[in-house]
Amino acid sequence: MKDKLVILYHTNLSGNPSAGPTYSVPKQIEAQSEIDEVLWINTTNARVHKWEETGLFHTCEEYGFNTLEDLPKPFDKPDVVVFESFYQSSDVRLAKELRRKNIPYVIVPRGALTKKAQHIKRNKKVLGNIMMFRSFAKHAAGIQYLTEKEKADSGNKWNKNTFVIPNGIVIPSVIKKYFSEDKIVFSFIGRISIHHKGLDLLIDAIKGCSDELLFKKGAFNIYGPDDAGSVEALHNMIDEKGLGNLVFLKPGVHGSEKEEVLLNTDVFVLTSRFEGHPMGLLEALSYGIPALVTTGSNMSSEIQSFDAGWIGETDSQSIKDALVSCISNVQEIPRKGHNATILAKEYEWNKLAKGFHSLVVECIIRKNRSI
């Protein structure tokens, strides 16, 4: 196998500023381009300035892309194609062409194959799996999961050739050094999707220890855009439980505004029922902010191993217990924040790109042996 792989990235990014892949996928591709020859094709009409700055981003329209022959050399005959999604018919069409030409491909499903994700719109997914998507997964040279938990929760029925490479992070130039002395600022930053992000569980947990939180001057700032009416529903939950003096809904934040919010946060909160690999959480850790997370966040074991926060199961009672532990041990917040920066360094993009190259080469070799 040659030193540099020719890799075609095939994505379906919408450009949604609140979606993790909007940031993580371009960073992954950019890091990989330092090691391999890379071309990136996005199949939607979305254009983001940061994507174009990479010099790697292209749309289907630029090449009139319908088949590999439409692409410039050497990407008309790539060593491997990487699909950064799962339930997309355009991916399946290209995968069929790849199989005809004995070109291997790798799928990054980003949580789509976990048991919990499979139960969302279950009937539609069962039919789609039967018709095309199970074959799409089965014939891949490998499936890249973002965490060991995602791999375990997805099972081995999709494809036996799997590996784990997580999302990465760019370590910021500034980190949080000073934490609040007379209050505790908790922040959630992400899509306001009540079920997915477990915000209903969080509200119930806050209600369960509201007296303790008020005594410690705790405040929960929830930043994010609406998702199918979730903001109004969450407002109603807060009002019904009388938590208007503890929980505050705010618009989504990005860029420098997001950095300012993070640097004014004492504890980052992510109580998701399920995740792929949460970029918002990784970003918070990189700023030196400890996190309070559920097992559904897919990073609870790492945070526990590095002592970088507080862990709860994916239920309101366990989240309440984690909150009580946090506010009862506020002196631990700075130390856990320092540990968060150590954990974040495990996810630097350049380190991950080298691992991806090696593992993809192994997948290609196994695939060629089986042909």
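Observations on the structure shown:
- Some residue of region 116-136 being closer than 22 Å to Val360 by Cα, surrounded by 13 or more Cβ atoms within 10 Å (Cβ to Cβ) and modelled with pLDDT under 95: no
- Here is the figure for region 137-150: residues that are within 22 Å of Ala353 (Cα to Cα) and open to solvent by 70 Å² or more (accessible area, probe 1.4 Å) total 2.
- Residue that is in contact (Cβ under 8 Å) with a residue 24 or more places away in the chain, of a type outside the set (Asp, Glu) and assigned to a strand (DSSP E or B), where the choices are Val253, Val261, Val293: Val293
- Condition met for Val170 (open to solvent by 10 Å² or more (accessible area, probe 1.4 Å) and either closer than 28 Å to Ile364 by Cα or within 16 Å of the chain's Cα centre (by Cα) (or both)): yes
- Condition check for Tyr9: of a type in the set (Phe, Trp, Tyr) and not in a loop (DSSP other than H, G, I, E, B): yes
- Applying the criterion of being farther than 11 Å from Leu343 by Cβ, assigned to a helix (DSSP H, G or I) and in contact with a Leu (Cβ under 8 Å, 6 or more places away or on another chain) to the residues of region 269-283, the residue that is least open to solvent (accessible area, probe 1.4 Å) is Gly280.
- Test for Ile303: is it more than 19 Å from Ile222 (Cβ to Cβ) and either surrounded by 24 or more Cβ atoms within 10 Å (Cβ to Cβ) or in contact (Cβ under 8 Å) with a residue 12 or more places away in the chain (or both): yes
- Residues that are open to solvent by 30 Å² or more (accessible area, probe 1.4 Å) and in contact with a His (Cβ under 8 Å, 6 or more places away or on another chain), drawn from region 73-103: Arg99
The values are calculated or read from the model by the stated rules, or taken from the named source; none is laboratory data. Since we're looking at a predicted model, the values are computed, not measured. FYI the Cβ positions are ideal-geometry reconstructions off the backbone, even for glycines, and counts take in every protein chain you see. Side chains included, ligands, DNA and RNA excluded: accessible areas come from the protein's heavy atoms. Shrake-Rupley method; radii C 1.70, N 1.55, O 1.52, S 1.80 Å.
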